[in-house]
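The values are calculated or read from the model by the stated rules, or taken from the named source; none is laboratory data. Note that the structure is predicted; figures quoted are calculated from it, not measured. Heads up, the Cβs are rebuilt from the backbone with ideal geometry, glycines too, and the neighbour counts pull from every protein chain shown. When the accessible area is computed, the model is the full protein with side chains, heavy atoms only, and any ligands, DNA or RNA have been set aside. Shrake-Rupley method; radii C 1.70, N 1.55, O 1.52, S 1.80 Å.
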Amino acid sequence: MKAKEMHRVLAQQGIRLFALTLGADRMTYIHENKTVKEWREDISRFISEINHHRDESGHAEDEVFNRVMSKLDEAGYIEVADLVADVYEGRIAVYTAGVVDDPAHDEQADGFGHYGWESKGG
C-alpha cells in the first residue's frame, strides 16, 4: 500500500495525521475526527493564546513549547509515536576502519608527494 492509499483509508474513517514543525523538531499527531480546516484553526488559536516569552539569550522559553503540547493534548490530538505497535532501536555502525589514499590533487597516483622537502625529486 502506498502512502496516498493509506491516507485515503484513514481519511475515509475520519482519521487524519498532522505534522507540526517547531524549529528543527517535527512531531506527527493523529486525531480521530478533525479535518485539515479544523487543525489549522486549532493551531492558529493555540498560537494566539500563548504568551510569547523569551529567555535571557533570546530563545523561546520551554513554557511556550509545553503550552502548545498541552493544548494539542486537551484538543484530543495524540502524538503518533505514542501509538506505535513496536519499536526497534538501533544505529548504523561501522565495524572496521582503515587508512586509504586520499591525494589532494588528481595528478597524484597515491597519497604521497603533495608537499615535503624531498617529495618531488626523491
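Helix-only arithmetic for the chain: the sum of -39500 (n - 2.57) across DSSP H runs with n ≥ 4, divided by the residue total, places the mean residue ellipticity at 222 nm at -9500 deg cm²/dmol.
Of the GluC sites (Glu not before Pro) in region 67-112, which ones lie in a loop per DSSP and count no more than 11 other C-beta atoms within 10 Å? If you can, show how the numbers build up before the last one.
Details: sites: 74, 79, 89, 107; in loops: 89, 107.
In loop regions of region 67-112 (DSSP not H, G, I, E or B), the sparsely surrounded GluC sites (Glu not before Pro) are 89, 107.
Could you tally the net charge around residue 110, taking each other residue with its Cβ under 15 Å from the Cβ of residue 110, Lys/Arg +1 and Asp/Glu -1?
Values: positive: 120; negative: 101, 102, 106, 107.
Net charge in that neighbourhood comes out at -3.
With the highest mean first, a sort of the peptides 6-12, 63-69 on other beta-carbon atoms found within 10 angstrom per residue produces 63-69, 6-12.
At a temperature of 20 °C and a viscosity of 1.002 mPa s, determine how fast region 1-93 diffuses translationally according to Stokes-Einstein, using the Kirkwood radius over alpha-carbon pairs as Rh; express D in µm²/s, rounded to the nearest whole number.
Working: Rh = 15.3 Å.
The diffusion coefficient I find is 140 µm²/s.
Computed 3J(HN,Hα) for region 112-119, one whole-Hz value per residue from the Karplus formula 6.51 cos²θ - 1.76 cosθ + 1.60 where θ = phi - 60°, is 8, x, 5, 7, x, 4, 10, 6, glycine and proline marked x.
Solvent-accessible area assigned to carbon and sulfur over the chain amounts to 51 percent, based on a 1.4 Å probe.
Once you charge only the Cβ atoms, +1 for Lys and Arg and -1 for Asp and Glu, what is the size of the charge dipole of the chain about its Cα centre, to the nearest 20 debye? Can you show the working numbers first?
On the way: 14 positive and 24 negative charges, 172 e Å.
Computed charge dipole of the chain: roughly 820 debye.
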